[in-house]
Amino acid sequence: MAELVYENGRLLFTKEMKEEGYTLLMPSMAPFHFEYFADMFRSEGYKAEVLQNTSFDVIHEGMKYSHNDICVPAMLVIGQFIDAMKSGGYDIHKVALVMTQTGGGCRASNYISMFRKSLARAGYDFIPIISANALGMEPNPGFTITRSVIIKLISGLIFGDLMMQLYNEVIPYEINKGETQKVYDELHKEIREYFYLPVRKVFYHPNKLFEKVIKRFSEIPVDRSVKKPKVGIVGEIYVKYSPLGNNNLEQLLRDEGCEVITPYMFDFFIYTFDSSIHDINQYGGRKYIRLVYRLLIRFIEYRRNKVRKQLKKYGFRIPNTFYDLRKLSEGYIGRGMHVGEGWLLTAEMIELIHIGSPNIICTQPFGCLPNHIAGKGMMKRIKQHYPESNIVAIDYDTSATEINQLNRIKLMISNARKNLD
């Protein structure tokens with residue numbers, strides 16, 4: 001068993017732990033994306049899994065070992081980890097927990113220290129917690145962000161966003177029930193194999209795979225003669241994407257006969273880079289870091305433009321570039337508001353209206369002040385400029401009943417159908 005090594009009171013994930021085959025466990029936040037992240041880590045020599053215990057009951061474990069003042073995403077992730085440890089499905093002495101950390105003003109940046117306290121209370125203080133971030137915070141000798149990891153991460157995010165869009169754009173209109181899922185499973189398997197290619201092919205191969213994926217979805221027979229209300233989902237990043245966090249909201253909307261539009265996850269990552277650039281410009285900082293982020297955004301947008309070109313070719317919706325998205329928030333909220341989802345949340349709501357989806361669900365976890373400001377706080381101003389907008393804020397917290405959430409969502413859908421008629 002690997003020796004436990006501490007630095008300033010923090011348990012490290014060591015090279016010895018990696019060599020001994022410790023399993024990296026990730027929360028099940030984004031079903032279209034996180035499996036690709038697991039393959040990314042496996043292809044780099046780690047053992048990695050996405051947690052599959054997705055019953056909302058895991059929140060009771062989170063509440064037991066944290067406190068009621070923290071937001072629901074934290075309770076759910078803590079609860080999911082601790083529930084997995086108690087389930088007996090893992091060797092608890094050979095696992096590590098991985099989660100992202102932005103380093104911003106949101107309380108999510110403090111999750112990791114709180115996780116450590118929660119694990120200690122549950123008797124699992126010997127399990128290391130790894131911070132996956134681009135700022136160099138909390139480094140671990142056994143976990144490094146290499147150039148290969150960055151390239152694969154970029155591809156994984158693009159593929160996750162692409163598969164999410166195509167699946168949601170096609171499945172409401174498919175003629176042969178189940179064909180979209182079949183195509184998705186077929187392509188999902190091929191994309192996962194991509195991460196194990198040599199580094200050179202990992203860098204160059206995605207462009208061909210982008211076209212193959214888009215072309216294959218375009219071949220699914222659809223009937224768009226029946227108009228269906230388009231409903232966008234925005235809000236705090238965890239409850240926006242996680243079926244566990246939002247009571248399987250995407251599937252609920254599909255069952256109600258809607259076309260779901262969920263904004264790209266990659267825009268949030270670029271938004272965090274852009275926020276650092278903004279702060280360096282405003283308050284000073286290392287110009288080298290600013291240059292790196294600008295070059296990184298340019299490379300990402302170059303690669304995403306390849307996807308936009310193919311989406312246009314095969315008749316699918318074309319998402320805005322990041323800078324076009326940022327312009328949409330001007331006159332509504334300042335660029336300096338980048339705590340949590342910040343101005344990006346406002347921009348996403350306006351973007352949805354521009355692409356013909358004025359029906360919007362803003363997912364709000366309890367205690368998420370940034371999202372209440374940039375989401376719920378912007379609704380009145382947006383409605384003044386876009387009277388056709390049909391926006392509802394849904395609270396996701398331990399005291400909110402599912403039936404109350406469902407009633408408010410169905411009322412919004414009813415209004416969407418009336419407006420469509």
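The values are calculated or read from the model by the stated rules, or taken from the named source; none is laboratory data. All figures in this text were calculated on a predicted structure; none of them were measured in a lab. Neighbour counts run over all protein chains shown; Cβ positions are idealised from the backbone, glycine included.
Taking region 244-291 as the search range and keeping residues that are among the polar types (S, T, N, Q) and in a helix (DSSP H, G or I), which one is nearest to N133 (Cα to Cα)?
Top of the filtered list is T272.
Could you grab me the full set of residues in region 275-303 that are modelled with pLDDT of 95 or more and of a type in the set (D, E)?
E301
Between K182, K177, which is in a loop (DSSP other than H, G, I, E, B), basic (K, R), without any contact (Cβ under 8 Å) to a residue 40 or more places away in the chain and surrounded by fewer than 21 Cβ atoms within 10 Å (Cβ to Cβ)?
Result of the check over K182, K177: K177.
Can you tell me how many residues within region 187-202 are crowded, with 16+ Cβ neighbours inside 10 Å and part of a helix (DSSP H, G or I)?
Number satisfying all stated conditions: 6.
Looking at (1) touching a Gly at 6+ places or on another chain (Cβ under 8 Å); (2) within 15 Å of G160 (Cα to Cα), can you tell me which one S218 breaks?
(2)
Go through region 371-399 and count every residue that is within 20 Å of A74 (Cβ to Cβ) and more than 23 Å from the chain's Cα centre (by Cα).
Selection size over region 371-399: 1.
Tell me yes or no: at least one residue of region 65-82 is within 26 Å of H188 (Cβ to Cβ), touching a residue at least 12 places away in the same chain (Cβ under 8 Å) and over 23 Å from the mean Cα position of the chain (by Cα).
Looking through region 65-82, none of the residues is within 26 Å of H188 (Cβ to Cβ), touching a residue at least 12 places away in the same chain (Cβ under 8 Å) and over 23 Å from the mean Cα position of the chain (by Cα).
Can you find a residue in region 325-338 that is in contact (Cβ under 8 Å) with a residue 60 or more places away in the chain and of a type in the set (A, V, I, L, M)?
no
Spot the failing condition for F195; the list is (1) more than 15 Å from M164 (Cα to Cα); (2) assigned by TED's automatic domain parsing to the domain that holds D395, and only one is missed.
(2)
Counting just the residues of region 368-413 that are in contact (Cβ under 8 Å) with a residue 12 or more places away in the chain and polar (S, T, N, Q), which one comes out surrounded by the most Cβ atoms within 10 Å (Cβ to Cβ)?
N371
Surrounded by fewer than 14 Cβ atoms within 10 Å (Cβ to Cβ), within 23 Å of M379 (Cα to Cα) and small (G, A, S): does that describe G331?
So G331 passes the test.
Among the listed residues M63, M29, M17, identify the single one that is outside the structural domain of F195 (by TED's automatic domain parsing) and touching a strand residue (DSSP E or B) at 6+ places or on another chain (Cβ under 8 Å).
So the residue among M63, M29, M17 that is outside the structural domain of F195 (by TED's automatic domain parsing) and touching a strand residue (DSSP E or B) at 6+ places or on another chain (Cβ under 8 Å) is M17.
Restricting to region 132-146, what's the tally of residues that are free of Cβ contacts under 8 Å to residues at least 12 places away in the same chain and either buried (at least 18 other Cβ atoms within 10 Å of the Cβ) or under 22 Å from the mean Cα position of the chain (by Cα) (or both)?
Number satisfying all stated conditions: 2.
Please find, among L352, L295, L344, L252, the residue that is exposed (fewer than 14 other Cβ atoms within 10 Å of the Cβ) and either touching a Leu at 6+ places or on another chain (Cβ under 9 Å) or among the aliphatic types (A, V, I, L, M) (or both).
Answer to the check: L295.
Residue by residue, here is whether (1) more than 26 Å from E193 (Cα to Cα); (2) among the charged types (D, E, K, R) holds:
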{"residue": "E44", "(1), (2)": "no, yes"}
{"residue": "T54", "(1), (2)": "no, no"}
{"residue": "D57", "(1), (2)": "yes, yes"}
{"residue": "T100", "(1), (2)": "no, no"}
